[in-house]
Structure formats: C-alpha cells, structure tokens
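Trainee: First the structure, then my questions, so here it is.
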Amino acid sequence: MEKLEKIYEGKAKILYATDDPDLIIQYFKDEATAFNAQKKGIIRKKGEINNAVSSRLFSYLEDKGVKTHFVEKTGEREMLVKRLDIIPVEVIVRNLAAGSLAKRMGVIEGTALKKTVIEFCYKSDPLGDPFINESIIMAFGFATDGEMKKITAAALEVNGHLSRFFDERGIMLVDFKLEFGRHKGAVLLGDEITPDGCRLWDKETREKLDKDRFRRDLGHVEEAYEEVLRKVMG
C-alpha cells in the first residue's frame, strides 16, 4: 500500500491518502490538547500507544460483529482504515457520572447512573463541539433517522463489549466518545478508541488512567497510558 499526500491533520492524528481510493492511512501523533485546544502538550509515545490500543480494540470489536473502519495495523504509529464520509456527530457513552456530566448535574465524580447515558455533540472545533439532540441532527441533515437508530444501537453494543473487555483487565470504562461514518452505504465505527477519548479508572483504586491526568495536571500521564497498553495487550 503506497502512502500518498496528507489529506487532513487534526489535534491527535494525520490522515494520508493511499493508492487505493477506498483506503487511507491514519497516523497517531504525540501531541495532546484539552479544553478545545486551549491547553497543549506532548505525551511521550502517545502515538505508538494509542495506535496499539486502538488496533487491539477495533480488532476485538470486529470479532464481536461490530463493523468498523479498521483494516490493519501497518506500523508503530499507523493503521490502514477505510475512507469514511464522517457523520459530524460525536457520540458520548456514559456509564458513571464524570467530567462535564458530573459538573452539570452537581454530583460527585463516579456517581452511579441508573442506566447508560447517550449524548450527542456537533463536531465543530470553532464552536467547541456543542451538545445537540436528535431533532437538531435531523433538522440540519447531519444524519437520517435510520442512521441515528443504527448509531445509537451500535454505541450501546460497543459499550457492552468494551465494558466487559476492560472489566476483565481490572479497568472501569467510565465514559467514552465514538465517531461514525458512511462507507459504501454502510454506517461504520471510525476514528479511534484510546485513553484520549475514554475515561478509564483502575477498578480497585479508581485511579485515573486516561487523558484526565493531562487535563487536570495530575502527573504520571505517560505511566497511565503505558498501564492501559499493558492491560489491553496482556
């Protein structure tokens, strides 16, 4: 597979075209951002760790029957993926109250929820990824009603599989974000599944093992990412 021109660069990844118009190369960077890129930094070896973790989790989900954009891991920082027409809706899945939800509801982080919460945001860096609902999604034509039903069902299915996967490895999946896109008429899970976009806590100590350590200046960021990698790959 020949790597061609850069077609997109975001906060955490770079996408490259290939000699196959249906496939692209996703490259993971060490750069880290928080608070809509107001805070920036470098997490050593983050790109390698996130590529390995995401490749493992996408492969696991594919084995469980979830359709994703993942094709194969092609290098320490690169994976080959299907080219998607990205649906501009970020899906947030919450198993415990943490982060913005805990703040909005005035509860302690880690508060149990009576059911899994699904939230949607409009993917727009200039607007700060504002919260939206399904009526807004339909009104602006971001996705059809049928697509949103598939996306919601897929998000809950992914949550079930990943919650069990992490639980077996001593990690609590507190919440996480997902992105979806269209490929040849199908809606596929895209983007990445990493400590950048998941809240992961040690099941016994509730120590944070994700990007909150960077956001909140908790220290030992690299060690937390490496711990997730060790448990995911072990």
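Trainee: I'm trying to understand the selection: among the residues of the stretch 60-83, which are of a type in the set (Val, Ile, Thr) and over 19 Å from residue 152 (Cβ atoms)? If you could, list the steps in order and put the result at the bottom.
Mentor: Kept after step one, since they are of a type in the set (Val, Ile, Thr), are these residues of the stretch 60-83: 66, 68, 71, 74, 81.
Residues satisfying the conditions are 71, 74, 81.
Trainee: I would also like to ask the following. Residues being free of Cβ contacts under 8 Å to residues at least 12 places away in the same chain and part of a loop (DSSP other than H, G, I, E, B): count how many of those fall in the stretch 121-139.
Mentor: Of the residues in the stretch 121-139, 3 are free of Cβ contacts under 8 Å to residues at least 12 places away in the same chain and part of a loop (DSSP other than H, G, I, E, B).
Table: residues versus (1) at pLDDT 95 or above; (2) among the aromatic types (Phe, Trp, Tyr); (3) touching a His at 6+ places or on another chain (Cβ under 6 Å).
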position: 4; (1), (2), (3): yes, no, no
position: 16; (1), (2), (3): yes, yes, no
position: 20; (1), (2), (3): yes, no, no
position: 40; (1), (2), (3): no, no, no
position: 45; (1), (2), (3): yes, no, no
position: 50; (1), (2), (3): yes, no, no
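Trainee: Oh, and also: Does residue 169 satisfy the condition of being basic (Lys, Arg) and assigned to a loop (DSSP other than H, G, I, E, B)?
Mentor: Considered against the rule, which asks whether it is basic (Lys, Arg) and assigned to a loop (DSSP other than H, G, I, E, B), residue 169 comes out as yes.
Trainee: Under the condition of being in contact (Cβ under 8 Å) with a residue 60 or more places away in the chain and surrounded by 21 or more Cβ atoms within 10 Å (Cβ to Cβ), which residue from the stretch 14-51 is farthest from residue 100 (Cα to Cα)?
Mentor: 26
Trainee: Hey, can you tell me all the residues within the stretch 187-214 that are surrounded by fewer than 22 Cβ atoms within 10 Å (Cβ to Cβ), of a type outside the set (Gly, Ala, Ser) and either assigned to a loop (DSSP other than H, G, I, E, B) or assigned by TED's automatic domain parsing to the domain that holds residue 11 (or both)?
Mentor: The answer is 203, 204, 205, 206, 207.
Trainee: Quick one: count up the residues across the stretch 215-234 that are part of a loop (DSSP other than H, G, I, E, B) and either more than 15 Å from residue 32 (Cβ to Cβ) or of a type in the set (Ser, Thr, Tyr) (or both).
Mentor: First, pick out the residues of the stretch 215-234 that are part of a loop (DSSP other than H, G, I, E, B): 216-220, 234.
Now narrow it down to the ones that are either more than 15 Å from residue 32 (Cβ to Cβ) or of a type in the set (Ser, Thr, Tyr) (or both): 234.
Looking only at that region, the number is 1.
Trainee: Another one. Please indicate, with yes or no, whether at least one residue in the stretch 215-229 is out of contact with any Gly (no Cβ under 6 Å at 6 or more places or on another chain), farther than 16 Å from residue 53 by Cβ, touching a residue at least 12 places away in the same chain (Cβ under 8 Å) and not assigned by TED's automatic domain parsing to the domain that holds residue 52.
Mentor: From the stretch 215-229, those out of contact with any Gly (no Cβ under 6 Å at 6 or more places or on another chain) are 215-229; that's our starting set.
If we keep only those that are farther than 16 Å from residue 53 by Cβ too, we end up with 215-220.
In the following step, the residues that additionally are touching a residue at least 12 places away in the same chain (Cβ under 8 Å) were identified as 215.
Of the ones still in play, those that are also not assigned by TED's automatic domain parsing to the domain that holds residue 52 are 215.
Scanning the stretch 215-229 turns up at least one residue that is out of contact with any Gly (no Cβ under 6 Å at 6 or more places or on another chain), farther than 16 Å from residue 53 by Cβ, touching a residue at least 12 places away in the same chain (Cβ under 8 Å) and not assigned by TED's automatic domain parsing to the domain that holds residue 52.
Trainee: Right, another one. Pairs, please: C-beta under 7 Å, at least 6 apart or cross-chain, first residue surrounded by 17 or more Cβ atoms within 10 Å (Cβ to Cβ) and in the stretch 143-156, second modelled with pLDDT under 95?
Mentor: none
Trainee: Only residues that are surrounded by fewer than 18 Cβ atoms within 10 Å (Cβ to Cβ), in contact with a strand residue (DSSP E or B) (Cβ under 8 Å, 6 or more places away or on another chain) and either at pLDDT below 95 or assigned to a loop (DSSP other than H, G, I, E, B) (or both): list them for the stretch 89-107, please.
Mentor: 107
Trainee: Report, by residue number, each residue of the stretch 39-78 that is touching a strand residue (DSSP E or B) at 6+ places or on another chain (Cβ under 6 Å) and basic (Lys, Arg).
Mentor: Residues satisfying the conditions are 40, 67, 73, 77.
Trainee: In addition: What number of residues in the stretch 86-113 are more than 23 Å from residue 204 (Cβ to Cβ) and more than 20 Å from the chain's Cα centre (by Cα)?
Mentor: Number of matching residues: 4.
Trainee: Which one of these is over 17 Å from residue 64 (Cβ atoms) and without any contact (Cβ under 8 Å) to a residue 40 or more places away in the chain: 185, 170, 181, 160?
Mentor: Details: 170 fails: without any contact (Cβ under 8 Å) to a residue 40 or more places away in the chain; 181 fails: without any contact (Cβ under 8 Å) to a residue 40 or more places away in the chain; 160 fails: over 17 Å from residue 64 (Cβ atoms).
Every option except 185 fails the conditions.
Trainee: Those residues that are over 22 Å from residue 126 (Cα atoms) and outside any strand (DSSP E or B), I need them from the stretch 1-29; list them, please.
Mentor: Matches in the stretch 1-29: 1, 2, 19, 20, 21, 22.
Trainee: Here is a follow-up. Going through the stretch 33-73 one residue at a time, which ones are of a type in the set (Ser, Thr, Tyr), within 25 Å of residue 21 (Cα to Cα) and over 14 Å from the mean Cα position of the chain (by Cα)?
Mentor: If the condition is that a residue be of a type in the set (Ser, Thr, Tyr), within 25 Å of residue 21 (Cα to Cα) and over 14 Å from the mean Cα position of the chain (by Cα), then 59 is the only one that fits.
The values are calculated or read from the model by the stated rules, or taken from the named source; none is laboratory data. All values derive from a computational prediction rather than experimental measurement. Virtual Cβ from ideal backbone geometry, glycine too; neighbours counted across all protein chains shown.
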